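Engineer: Please see the structure below; I have some questions.
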Amino acid sequence: MADWTETYRPTTLSAVRGNDKARDALRNWAERWEDHRKAAIVHGSPGVGKTSAAHALAADMGWPVMELNASDDRQADVIKRVAGEASKTGTLTAGGSGRRLVILDEADNFHGNADYGGAREVTRVVKEATQPVVLVANEFYDMSNTLRNACETIEFRDVSKRSIVPVLRDICRREGVEYDEAALEAIADSTSGDLRSAVNDLQAVAEETDRLTVEDVVTGERDRTEGIFEYLDTLLKNASAEEALKASYDVDETPDELLNWVEDNVPKEYAGGELADAYEFLSQADRWLGRVRATQEYTYWRYASDNLTAGVAASRREPKGGWTRYGPPSYWRKLGQTRSTRDRRDSIARRVADAEGTSLATARRELLPYLSAMTHHCRNRDLTVRMAAAYGLDASELSFITGSGADTNKVGSIVEDAADLVAEQAVEKGGNAFFDAGDPSPDDTGDGSETAESDETAAESGDGQVTLGATLEDAAGADGEDTVTDSEGDGSANQTDDPGSASAHDEDDGQSGLSDFF
Amino acid sequence: MSEDAPADADAPAAGRADVWIEKYRPERLADIKGHGDIVPRLERYVATDDLPHLMFAGPAGTGKTTAAQSISREIYGENWRDNFLELNASDERGIDVVRDRIKNFARASFGGHDYRIIFLDEADALTKDAQSALRRTMEQFSHNTRFILSCNYSSQIIDPIQSRCAVFRFTELEDAAIEAQVREIAETEGIEVTDDGVDAVVYAAAGDMRKAINALQAAAVMGETVDEETVFAITATARPEEVEAMVGRAIDGDFTAARAALEDLLTERGLAGGDVVDQLHRSAWALDLDERATVRLLERLGEVDYRITEGANERLQLEAMLASLALEHES
C-alpha cells in the first residue's frame, strides 16, 4: 500500500488545495513566461504543497520536468550541467512547445561545504535560463538577495483547517474509510497548517480502526500542544515538586523548549516572592542549559529539568485555581514572525558590510543601529535618500531601518529619489553618495555579475554558521533575549501576515523590527 | 520464548557463549515487553502491509532498534537482512552518507517486496544539512523505501522530516516490563535469581532494558545464584538504602558517620563520584527533606557533578555536599 501523501498528490493545479492565490499566481507566471522569462521562487512552510504545485503545474502545461534537489550533489558543475543544459536547450523528444520545467527543490539549502559554489551557480543559471525554472524553498531569506531579486516570488501559506478537512474527507471516501467529522477536524487542528502531516496522521489512524473517531486521533508528537498545556496547568497550579518533575517525563519537550514554555507562562500564576523564587530556579535551569551547550554533556539536562519543574513547583506559596489561558512562548511566535525580519536585517547588513568593508557582525552591531537612528522615520530625508542609494535599499528594507511604513508615499518617494541618485552617479561615475570616503558599489548600478558575486560570497560565509549547533544556540540564546524585551501585544499583532511584508505593521511603531535585535 | 530453552539448561556455562542482549532480542513485535500503546499500532502496519515512514523517539535501551528489526523480520521473514539497511548516523554522519549509501540501497534492485526499510539510528546526530538532504530522499524513494528514524528527542529532527513520519515516543520501560523480561531470561537460561536480585537488576537498569540484561548476564557469570549483592557489585551500584542512610546521617548532623559511609562507597565498593551523584539524584525524593530542600539538594548535586567533570576532587566535592545538608535541618 502506498503512502497516501504520494497517492493523493495533486496531478493538476486545480486540485491543489488551500493556497488558491499562490496557485493562480503560479499558473499566471507560467502562462506569461514567454514574455517575462523570469524564474519563480515558490516558498512556504513544510507540507503546504509547494513541490506538489510545481509538478502539477508542469503537468497542466504539458512541460516535462527536470528536477534537482538537495539530496543530489549540488556542486557547481553538476548544477551547471543539469540545470544549465536543461534550461537552455529545449527537449528533443517532447513535442509541442519544446519547453520543460526545471524544478530546483530546496533552493534555500544550496549552502554548506558539500555544495560549495552551488548557490552562485544557481543564481547564474536562473538568470541565463531559457527554460522556466521554479525554485522551491522553505526559507525565502536563506536565499541570496541577488537570487531573490532575479525571480518572481510566490508564497504558499500554511493550509487552513478549513482547507485541510475537505482533503481528508475526500481521501476517506476514496479509501472507503468511515469517519466522524470531528475526527477529521481534530487531525486538521493538530497539524497546524501542514497538509502533509495531516494526511500522514490520517493514514496512521485510519489503519487502526474501522471508523475514525476523535478518540483515535492522538498521534505521537503532534499532539504535543495539548500535553504541554495540561502540564503547565499541573505544574503551576498545584503539583508537588516531585509530581511536577515526574509529570515532565511525559512531556516530549527538551528542557530548553520546556524552559521557554514555563518562563513565558509562570507570571500568569505566580507573583511577588514566589515569582522571584521561581525565576531563580529558571535562571539556574538556564545556566545548566548553557553548560550543556558549552560541554555537550547532555546528562546536565536533568539538573535543568529539576530546577525548572520541581523548583518552580516548590516556589509556589499556595495552590492556584481557576482557568488560565496559557500560550506558547511568545518568543516562538516572535521567532516565526521575526524569522523574515531577522533575515531581512542580515540581508541589509550584508550589503552594508560589503560597501563599508566590515564583517557582517560589525555591520549588524555597529553600523545598522546608527543608520537607524540617523534616519529615524526618514526625518533627515536627504540623508535617508543617500543611504538608500548607497546600499540599494528597497521600500521594505528602508521601512525596516527607518521605522516608516513601507507603503507610505514618504518611503516610496525616497526610493525613487535614491534610484535617480544612483543613475546620476552612474553617469558621473563619481564618488560616494553616503559617507564621503566609501566604496561606490551599490547593488543597483547594473554591474550584475560583480555584484552578484560579492553578494554570494557574503552569503556563503554567513551560511557557514547555519549549522545545527548555531541554530540551537541562536534559538535558545540570542533570541531568548528578544522575548524578554518584546511586549506581547507587538508579537501577536500580525500572526498570519505575509512575512514578505512583515514590517508593514511596524508603520506606527517607532522602534521598527530592527531595534529588537540590539 | 521458553520453548527455546536449551536442553542442557542446567549446565550454567551453556547459554553463556551468546551475548544475551542479542540472543533475547525479541523477533516479533508481540514479544516486545512494555510499550502497550505502541506495539499494536506497529502490528497493524505490518498486518495491512501499509508502512509509513516512522520515527521512534526515546532514551537508550527502550526498544527502538528492536521494534525496527521486528517490523523488518515480520515483513521479510528469513531474509530480512537483505531488505533492511541499518545505518548509525553518529558513526557515519554527514551529507555524503545520506546521499550515497541510502541512494544506493534504495536504488538497488530487489525482488518480492514492494519496498525496503532503511533504519537510521541516532538520526538526531545528523547535521541539519544532512537532514535536509534526507527529507527529499525520503519522498523521492517512498515508492520503494520506508525510513525508520530513531532519535533521543524528536525535537532535534527538522520539521520537514517530522512532517513525513508517523512519530512514536518510546518512554523508559516500566519496572514491570523489565522484571518480566529478566525473569523470562533467567528461566530460559536456568539460572537462579533471588527476588531481591531481580529488584536489584530493575533498580540498576533504571528503565533501560539493555542495561538490565547486561547486568543479569554479568551477574550470572559471577556465581550460581544471582542475588542483590552480586548485582550491586557488578553494576557498581549502592543499595538505595545505603545511600539514603548516608544522607540521613548528614542531615542529622553526624557528618563523620556520613563521611565514613561515603568513603566506603568510593573505596570499598568502587563507585565513582559520578555514580554516587547519579544515585543520590535518584534517591533524592525518598529522603527526609521538605520539597524546597530537595530541590536545593538536586541543584547542589548538579554542581558537584559539574565540578567533578571540570576536574575537581570528587571526594571533597561530595563531602562538601554532605556537610551542607546539615544546614537544612537548622533552618
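The values are calculated or read from the model by the stated rules, or taken from the named source; none is laboratory data. Predicted model only: the values in this text are computed from it and were never measured. Heads up, the Cβs are rebuilt from the backbone with ideal geometry, glycines too, and the neighbour counts pull from every protein chain shown.
Engineer: Looking only at helices (runs of 4 or more DSSP H) that fall completely inside segment A:1-69, which ones have 3 or more residues that are of a type outside the set (Gly, Ala, Ser) and in contact with a Phe, Trp or Tyr (Cβ under 6 Å, 6 or more places away or on another chain)?
Structural biologist: On the way: elements: A:4-7, A:20-31, A:33-36, A:50-61.
Answer list for segment A:1-69: none.
Engineer: Mind telling me which of the residues B:Asp31, B:Asp18, B:Asp4 ends up being at negative phi and either at pLDDT below 50 or among the aliphatic types (A, V, I, L, M) (or both)? I'd like the intermediate steps shown before the answer.
Structural biologist: Details: B:Asp31 fails: either at pLDDT below 50 or among the aliphatic types (A, V, I, L, M) (or both); B:Asp18 fails: either at pLDDT below 50 or among the aliphatic types (A, V, I, L, M) (or both).
The match here is B:Asp4.
Engineer: Next up: Just give me the residues in segment A:225-275 being among the hydroxyl-bearing types (Ser, Thr, Tyr) and either under 28 Å from the mean Cα position of the chain (by Cα) or part of a loop (DSSP other than H, G, I, E, B) (or both), in sequence order. Outline the logic, then answer.
Structural biologist: Taking segment A:225-275 as the starting set, the residues that turn out to be among the hydroxyl-bearing types (Ser, Thr, Tyr) are A:225, A:231, A:234, A:240, A:248-249, A:254, A:270.
Result: A:Thr225, A:Ser240, A:Tyr249, A:Thr254, A:Tyr270.
Engineer: Pick from segment A:303-330 the residues that are without any contact (Cβ under 8 Å) to a residue 60 or more places away in the chain and of a type in the set (D, E, K, R): which of them is farthest from the other protein chains (Cβ to nearest Cβ)?
Structural biologist: Restricting to residues being without any contact (Cβ under 8 Å) to a residue 60 or more places away in the chain and of a type in the set (D, E, K, R), the top hit is A:Arg325.
Engineer: When residues of segment A:374-406 are filtered for being part of a helix (DSSP H, G or I) and of a type in the set (D, E, K, R), how many remain?
Structural biologist: Step one: list which residues in segment A:374-406 are part of a helix (DSSP H, G or I), which gives A:374, A:376-378, A:381-391, A:395-402.
Then drop every residue that is not of a type in the set (D, E, K, R), which leaves A:381-382, A:386, A:397.
Number of matching residues: 4.
Engineer: Follow-up. Determine which single condition B:Gly112 fails, assuming it passes every other condition in (1) more than 9 Å from every other protein chain (Cβ to nearest Cβ); (2) at pLDDT 80 or above; (3) closer than 17 Å to B:Ile75 by Cβ.
Structural biologist: Here B:Gly112 clears every test but (2).
Engineer: Taking B:Glu174 as the residue in question, decide whether it is away from chain A (no Cβ under 14 Å) and at negative phi.
Structural biologist: Working: away from chain A (no Cβ under 14 Å): no; at negative phi: yes.
When the stated conditions are applied, B:Glu174 does not pass them.
Engineer: Failed condition for B:Arg164, given (1) at pLDDT below 85; (2) out of contact with any His (no Cβ under 6 Å at 6 or more places or on another chain), with all others met?
Structural biologist: It is condition (2) that B:Arg164 fails.
Engineer: With respect to B:Ser155, determine if the residue is outside any helix (DSSP H, G or I) and either modelled with pLDDT of 85 or more or within 14 Å of chain A (Cβ to nearest Cβ) (or both). Walk me through how you get there before you give the answer.
Structural biologist: Values: outside any helix (DSSP H, G or I): no; either modelled with pLDDT of 85 or more or within 14 Å of chain A (Cβ to nearest Cβ) (or both): yes.
Against the criterion (outside any helix (DSSP H, G or I) and either modelled with pLDDT of 85 or more or within 14 Å of chain A (Cβ to nearest Cβ) (or both)), B:Ser155 does not qualify.
Engineer: Right, something else. Counting only residues that are at pLDDT 80 or above and more than 24 Å from the chain's Cα centre (by Cα), which one in segment B:116-131 is nearest to B:Phe170 (Cα to Cα)? It would help to see each step written out before you state the result.
Structural biologist: If we filter segment B:116-131 for residues that are at pLDDT 80 or above, which is where we start, we get B:116-126, B:131.
This time we only want the ones that are more than 24 Å from the chain's Cα centre (by Cα), so: B:116, B:131.
Details: B:Arg116: 23, B:Gln131: 21 Å.
The extreme case among them is B:Gln131.
Engineer: OK, next. Considering only residues of segment B:129-151 that are at the interface with another protein chain (Cβ under 8 Å from one of its Cβ atoms) and surrounded by fewer than 20 Cβ atoms within 10 Å (Cβ to Cβ), which is farthest from B:Ala68 (Cα to Cα)?
Structural biologist: B:Gln140
Engineer: Give the number of residues within segment B:298-322 that are aliphatic (A, V, I, L, M) and under 26 Å from the mean Cα position of the chain (by Cα). Spell out how you get there, then give the answer.
Structural biologist: First, the residues of segment B:298-322 that are aliphatic (A, V, I, L, M): B:298, B:301, B:304, B:308, B:312, B:316, B:318, B:320-322.
Still in the running and under 26 Å from the mean Cα position of the chain (by Cα): B:298, B:301, B:304, B:308.
Number of matching residues: 4.
Table: residues versus (1) under 25 Å from B:Thr194 (Cα atoms); (2) without any contact (Cβ under 8 Å) to a residue 12 or more places away in the chain; (3) more than 14 Å from every other protein chain (Cβ to nearest Cβ); (4) not hydroxyl-bearing (Ser, Thr, Tyr).
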position: B:Glu241; (1), (2), (3), (4): yes, yes, yes, yes
position: B:Asp254; (1), (2), (3), (4): no, yes, yes, yes
position: B:Thr294; (1), (2), (3), (4): no, yes, no, no
position: B:Val304; (1), (2), (3), (4): no, no, no, yes
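Engineer: Further, regarding this structure: Is there any pair with a first residue in segment A:30-59 that is in the same structural domain as A:Arg9 (by TED's automatic domain parsing) and a second that is assigned to a helix (DSSP H, G or I) and small (Gly, Ala, Ser) whose Cβ atoms are under 6 Å apart and which are 6 or more apart or on different chains, and what are they?
Structural biologist: Close Cβ pairs (under 6 Å, with a partner that is assigned to a helix (DSSP H, G or I) and small (Gly, Ala, Ser)) amount to A:Gly47/A:Ser197; A:Leu57/A:Ala30.
Engineer: Is it the case that segment B:198-214 has a residue that's of a type in the set (D, E, K, R), in contact with a Pro (Cβ under 8 Å, 6 or more places away or on another chain) and not in a helix (DSSP H, G or I)? Working first, answer last.
Structural biologist: In the first step, residues of segment B:198-214 are kept if they are of a type in the set (D, E, K, R); the result is B:199, B:208, B:210-211.
Imposing the further condition that a residue be in contact with a Pro (Cβ under 8 Å, 6 or more places away or on another chain) reduces the set to B:208.
Right, trim to not in a helix (DSSP H, G or I) and you get B:208.
Yes, because at least one residue in segment B:198-214 is of a type in the set (D, E, K, R), in contact with a Pro (Cβ under 8 Å, 6 or more places away or on another chain) and not in a helix (DSSP H, G or I).
Engineer: Okay, next question. Please go through segment B:50-61 and pick out each residue that is in contact (Cβ under 8 Å) with a residue 40 or more places away in the chain and charged (D, E, K, R). Walk me through how you get there before you give the answer.
Structural biologist: Step one: list which residues in segment B:50-61 are in contact (Cβ under 8 Å) with a residue 40 or more places away in the chain, which gives B:51-61.
Once the filter is applied, which keeps residues that are in contact (Cβ under 8 Å) with a residue 40 or more places away in the chain and charged (D, E, K, R), segment B:50-61 yields nothing.
Engineer: What are the residue pairs meeting all of these: first residue in segment B:227-238, first residue within 15 Å of B:Leu265 (Cβ to Cβ), second residue at pLDDT 90 or above and among the polar types (S, T, N, Q), Cβ atoms under 6 Å, and 6 or more apart or on different chains?
Structural biologist: B:Ala238/B:Gln279
Engineer: Among the numbered criteria (1) within 23 Å of B:Arg169 (Cβ to Cβ); (2) surrounded by 17 or more Cβ atoms within 10 Å (Cβ to Cβ); (3) within 11 Å of another protein chain (Cβ to nearest Cβ), which one does A:Tyr298 miss?
Structural biologist: Of the numbered conditions (1) within 23 Å of B:Arg169 (Cβ to Cβ); (2) surrounded by 17 or more Cβ atoms within 10 Å (Cβ to Cβ); (3) within 11 Å of another protein chain (Cβ to nearest Cβ), the odd one out for A:Tyr298 is (2).
Engineer: Conditions: (1) part of a loop (DSSP other than H, G, I, E, B); (2) surrounded by 23 or more Cβ atoms within 10 Å (Cβ to Cβ). B:Gln181 meets all but one. Number of the miss?
Structural biologist: The one condition B:Gln181 does not meet is (1).
Engineer: Scan segment B:202-219 residue by residue and report those that are touching a Phe, Trp or Tyr at 6+ places or on another chain (Cβ under 9 Å) and either closer than 15 Å to B:Thr66 by Cα or not assigned by TED's automatic domain parsing to the domain that holds B:Arg183 (or both).
Structural biologist: Within segment B:202-219, just B:Ile213 meets the criteria.
Engineer: Sticking with this structure for a sec: Could you please give the count of residues in segment A:278-295 that are of a type in the set (S, T, N, Q) and within 10 Å of chain B (Cβ to nearest Cβ)?
Structural biologist: First, the residues of segment A:278-295 that are of a type in the set (S, T, N, Q): A:283-284, A:295.
From what is left, the residues that are within 10 Å of chain B (Cβ to nearest Cβ) are A:284, A:295.
Matching residues across segment A:278-295 total 2.
Engineer: Given (1) crowded, with 22+ Cβ neighbours inside 10 Å; (2) more than 17 Å from A:Glu253 (Cα to Cα), where does A:Thr309 come up short, assuming only one miss?
Structural biologist: So A:Thr309 meets the others, but not (2).
Engineer: How many of the residues making up segment B:184-197 are part of a helix (DSSP H, G or I), in contact (Cβ under 8 Å) with a residue 24 or more places away in the chain and more than 17 Å from B:Ala233 (Cβ to Cβ)? Steps first, answer last, please.
Structural biologist: Residues of segment B:184-197 part of a helix (DSSP H, G or I): B:184-189, B:195-197.
Those left that are additionally in contact (Cβ under 8 Å) with a residue 24 or more places away in the chain: B:184-189, B:196-197.
Now restrict to residues that are more than 17 Å from B:Ala233 (Cβ to Cβ): B:184-189.
The total comes to 6.
Engineer: Quick one: in segment B:72-95, of everything that is within 14 Å of chain A (Cβ to nearest Cβ) and buried (at least 20 other Cβ atoms within 10 Å of the Cβ), which residue is farthest from B:Asp159 (Cα to Cα)? Spell out the reasoning first.
Structural biologist: Going through segment B:72-95, the residues within 14 Å of chain A (Cβ to nearest Cβ) turn out to be B:75, B:89-90, B:93-95.
Applying the additional criterion that residues be buried (at least 20 other Cβ atoms within 10 Å of the Cβ) yields B:75, B:89, B:95.
On the way: B:Ile75: 28, B:Ala89: 18, B:Ile95: 18 Å.
Residue satisfying both the conditions and the ranking: B:Ile75.
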